[in-house]
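Everything below concerns the one structure shown next.
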Amino acid sequence: MDPELLRDDDPDIALLTVLRDDGSADPATDPGMSSETLLRGYREMRRLRLLDARMILLQRQGRVGFYGAAHGQEAVPIATGLAVRPDDWVFPALREQSVMLVRGFPLTTFIAQVFGNAGDVLKGRQMPSHQSGRAVHQVSWSSCIGPQLPHAVGAAWAMRAKKTGAVAVAFSGDGATSQGDFHAAMNFAGVWRAPCVIVCQNNHWSISVPTSKQTASRTIAVKARAYGIPGVRVDGNDLLAVYGVLRDALDRARRGAGPTFVEAVTYRMGAHSTSDDPTRYRAQAEVDAWAKKDPLDRLRRHLVHLGLITDASDAALDRELTAEIAAAVDEVEKLPAPERESLLADVYAEPTWNLREQLGELRRAGPAPTHG
């Protein structure tokens, strides 16, 4: 390939960053976020960090069955929640559920999904960490890698046909870019100029497979060229950079200019999920190196640089958030299991004869047995 086609300053090769090591922002790339928005993003990132830690503890105690934390990757979902409009639809992968919280989804209902009890809007039908909510336009992801991408592109195409002005935002990990669904989605989006933004959180590990072993592409963002889609490679541990890129991509889609593909370069600091032991496949030195790029620490340095937070305000914020999470967990854990009759709800708009028959049998059987 002609070297001129892969210049280091191309947006799908270069890494767009805003935050400097001293906490200042590069004026050439600074998206100009208000102090209010920056503080909101900081609060949401801190809450997510504390929430993930609490959920992992509950899983280790046997109180929930599974959890997938976003430790080290908080900047991308929180920036997304700040950038989208209420009518935009989000199609997450494993580490973007918190977009819902930024958009106003109740914390108790979010946690109830992890427990799968009566407080869960999904009625306990989906495995933990697969939250969704129509109220905040967020679709549940599938543990199968990649199918949310063509779903999002199809939804975007439908929204354009209905002239809603809304945009679909789809997420994947780096591993999903080696799946057929990724290529089908990118091709459809490029051909039909669907109003969507496709974001790859490149955290360098597809569970235990490093990115270098599943693609020979110089970057993941450069893959967009083959589909006629602009690609942008952004520092995924920089809230300001991610927000600016997503804001511009959403505006581009909304004005009819077509899709954008974003590679957010980040790192999964913890395990893939509570079912994983990362010490078996990656070196601690690698984790330690990325810890120096922690997105929460970098945003904190920026806010200190701006004079917006202090050690005292941080301590007060952590007390507030810890109490909020503890109260929500306490409330949710007291809820009963979903009603057995909910098994047959939401299958069809109108229950069919055989479902009505089964419901009658279920009612005649009496209450479910309890096990103490």
Hits in segment 283-312 (condition: charged (D, E, K, R) and under 30 Å from S208 (Cα atoms)) = E286, D288, K292, K293, D294, D297, R298
Failed condition for A224, given (1) surrounded by fewer than 17 Cβ atoms within 10 Å (Cβ to Cβ); (2) farther than 25 Å from A25 by Cα, with all others met?
-> (1)
Has segment 207-221 got any residue that is surrounded by fewer than 24 Cβ atoms within 10 Å (Cβ to Cβ), hydroxyl-bearing (S, T, Y) and either closer than 28 Å to G23 by Cα or touching a Pro at 6+ places or on another chain (Cβ under 7 Å) (or both)?
-> yes
If you take just the helices (runs of 4 or more DSSP H) that sit entirely in segment 284-372, which of them hold at least 1 residues that are more than 30 Å from D22 (Cβ to Cβ)?
-> 311-333, 353-364
Within the group A53, A93, A69, A75, which residue is under 21 Å from the mean Cα position of the chain (by Cα) and free of Cβ contacts under 8 Å to residues at least 40 places away in the same chain?
-> A53
Six or more apart or on different chains, Cβ under 6 Å: which pairs go from a residue in segment 231-242 that's in the same structural domain as A83 (by TED's automatic domain parsing) and modelled with pLDDT of 95 or more to one that's polar (S, T, N, Q) and surrounded by 24 or more Cβ atoms within 10 Å (Cβ to Cβ)? Could you list them?
-> G236/T266; N237/T266
Any idea which residue in segment 232-250 is nearest to F182 (Cα to Cα), counting only those that are surrounded by fewer than 24 Cβ atoms within 10 Å (Cβ to Cβ) and in contact with a Lys or Arg (Cβ under 9 Å, 6 or more places away or on another chain)?
-> L250
Are any residues in segment 234-272 assigned to a strand (DSSP E or B), under 28 Å from D297 (Cα atoms) and touching a helix residue (DSSP H, G or I) at 6+ places or on another chain (Cβ under 7 Å), and if so, which ones?
-> V234, D235, F261, V262, E263, A264
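Table: residues versus (1) assigned by TED's automatic domain parsing to the domain that holds R46; (2) part of a helix (DSSP H, G or I); (3) within 19 Å of the chain's Cα centre (by Cα); (4) of a type outside the set (A, V, I, L, M, F, W, C).
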{"site": "P128", "(1), (2), (3), (4)": "yes, no, yes, yes"}
{"site": "A152", "(1), (2), (3), (4)": "yes, yes, yes, no"}
{"site": "G165", "(1), (2), (3), (4)": "yes, no, no, yes"}
{"site": "D181", "(1), (2), (3), (4)": "yes, yes, yes, yes"}
Starting from residues that are assigned to a loop (DSSP other than H, G, I, E, B) and over 21 Å from the mean Cα position of the chain (by Cα), keep the ones in segment 195-215 and report whichever is farthest from H272 (Cα to Cα).
-> T215
Note on L343: of the conditions (1) under 28 Å from S34 (Cβ atoms); (2) outside the structural domain of Y67 (by TED's automatic domain parsing), unmet is (1)
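The values are calculated or read from the model by the stated rules, or taken from the named source; none is laboratory data. This is a predicted model, so every value here is computed, not measured. As a convention, Cβ positions derive from the backbone with ideal geometry for all residues, glycine included, and neighbour counts pool all protein chains shown.
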